[in-house]
1. Can you name the residue in the stretch 408-418 that is of a type outside the set (G, A, S) and in contact with a Lys or Arg (Cβ under 8 Å, 6 or more places away or on another chain) and is also nearest to G247 (Cα to Cα) among such residues?
2. So, in the stretch 284-305, of the ones that are touching a residue at least 24 places away in the same chain (Cβ under 8 Å) and in a loop (DSSP other than H, G, I, E, B), which residue ends up surrounded by the most Cβ atoms within 10 Å (Cβ to Cβ)?
3. Does the stretch 177-191 hold any residues that are surrounded by 12 or more Cβ atoms within 10 Å (Cβ to Cβ) and closer than 14 Å to R127 by Cα, and which are they?
4. With respect to S382, determine if the residue is away from the ligand (no atom under 15 Å from the Cβ), surrounded by fewer than 17 Cβ atoms within 10 Å (Cβ to Cβ) and within 22 Å of C251 (Cα to Cα).
5. Quick one: count up the residues across the stretch 254-264 that are within 14 Å of the ligand (Cβ to nearest atom) and either among the small types (G, A, S) or in contact with a helix residue (DSSP H, G or I) (Cβ under 6 Å, 6 or more places away or on another chain) (or both).
6. Out of the residues in the stretch 306-345 that are within 16 Å of the ligand (Cβ to nearest atom) and not in a loop (DSSP other than H, G, I, E, B), which is farthest from A411 (Cα to Cα)?
7. When both residues are 6+ apart or on different chains and their Cβ atoms are under 8 Å apart, which pairs have a first residue that lies in the stretch 60-76 and is closer than 14 Å to S285 by Cα, and a second that is among the polar types (S, T, N, Q) and in a strand (DSSP E or B)?
8. Applying the selection to the stretch 380-405, what residues are among the small types (G, A, S) and either outside any loop (DSSP other than H, G, I, E, B) or under 22 Å from T343 (Cβ atoms) (or both)?
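No lab work stands behind these numbers, since they all come straight from the coordinates. Given the structure is predicted, the values throughout are model-derived calculations rather than measurements. Glycine also receives a Cβ, built like all others from the backbone with ideal geometry; neighbour counts cover every protein chain displayed.
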Amino acid sequence: MQTTDKLMEYIEHSPSPYHAVHSAAALLEEAGFTRLEECAPWALEGGRGYYATRNQSSLIAFRLPSGAPEGWRMTAAHSDSPTFRVKNDLLEGDKRYLRLAVEGYGGMNCASWLDRPLTVAGRAVVRTGEGVEARLVYLDQDLLTIPSLAIHMQRDVNKGHDYNAQRDMQPLYALAGSPSLTGLTAEALGVDEGDILSADLVLCPRQRPVYLGPERELFQAPRIDDLGCAYAALEGLLTAGGSGRFGQIYCLFDNEEVGSGTRQGALSTFLPDVLARVGEVLGLSVQDGRRALANSLLLSADNGHAVHPSFPEKADPANRVYPNGGVVVKIAASQQYTTTGLTAGLFRAICQRAAVPVQVFANRADEPGGSTLGRLLAQQVSVPMVDVGMAQLAMHAAVETAGSRDPEYLARACAAFYQAEFTLTADGIYQF
Ligand code: ZN
């Protein structure tokens, strides 16, 4: 459970994508990785680890081999989760209520956000003596709630409800006369309210991660999708240490929940930009760089749906996954997942050597299923990939549930993967 304890801490420290990146950066720094700025020149040394961030909400870390990399072992997860984004101004209800004006971010389960303590997290842009600076914000208090309408006023509420984000999902902030959200933010940052120029704030549930079950077999927390994979892959990178001939890359991308097509999303040029700069600094020829990419593998790490105890028929009868069943490998004929028979076989061989259990997920043949970042990243950097993750319940609810042993399985699989010395000797043939 040690990995899960640490994951819970990571989730608590990561109430927004900005915080998820900041928390990952802190762990990388602790492990000796050096921060690089995209706006500054890069000097790189073989055998060392580095990382860069973009928009403060995406991060790419890499560890170089001592010589020219013969290939890359890469993972990619996402830093964002479905939530509600705070607009600029407060909504005044009937003059007695003040509400935050929000809009939906990603596909959330609305009902799960009602009637629970919430607060806001993200970043605020502050005017400083030298210019402007974006600073992390987390208002560490039970601040908001989205009250449901009493059953007496909607007798059919338990027969299903059509949630309208503008009508139903605006959080109650205060009674009229209370300090503004900008005022609270200024106080938290120790700056004048007039110096706050702008902000990127999202709602976050206040529930702390907890274990469930007599043997603590399960755990529940906000944002398990996809901070579970984000943390497990990072732990894998940090415990793996350096690999002799291969470089290691860890990606954490924002905006997966809204299609990834942003400057910092999986569809952006962030990863190609990093690879190009690394290649140039290391003096790799175009041919060397292309050979290394062909000899690479990327794990696209995002969670999969565990069988639901009340709705077992929603899962495929054969290719179904359960909490604590091990690392999920996802396959889809539609190619919404990047897994091929070859990459799944290679990944399975790596997991077998590390004694990590693997389970296979496929959608029912009559269900289109979801999609994730790997397929989009492949449009920017075309390396062999496999879609993996943890089995979880209640995906995209305000709090989600997963197996307590799975984070460790995934972290061990990632560590073994980062160290794996497989070499592509011909198309379709790996040696290791
Ligand atoms: Zn996800």
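1. The extreme case among them is Y418.
2. N303
3. T182, T185, A186, L189, V191
4. yes
5. Total meeting the criteria: 4.
6. K330
7. E70/T423; G71/T423
8. If the condition is that a residue be among the small types (G, A, S) and either outside any loop (DSSP other than H, G, I, E, B) or under 22 Å from T343 (Cβ atoms) (or both), then S382, G389, A391, A402, G403 are the ones that fit.
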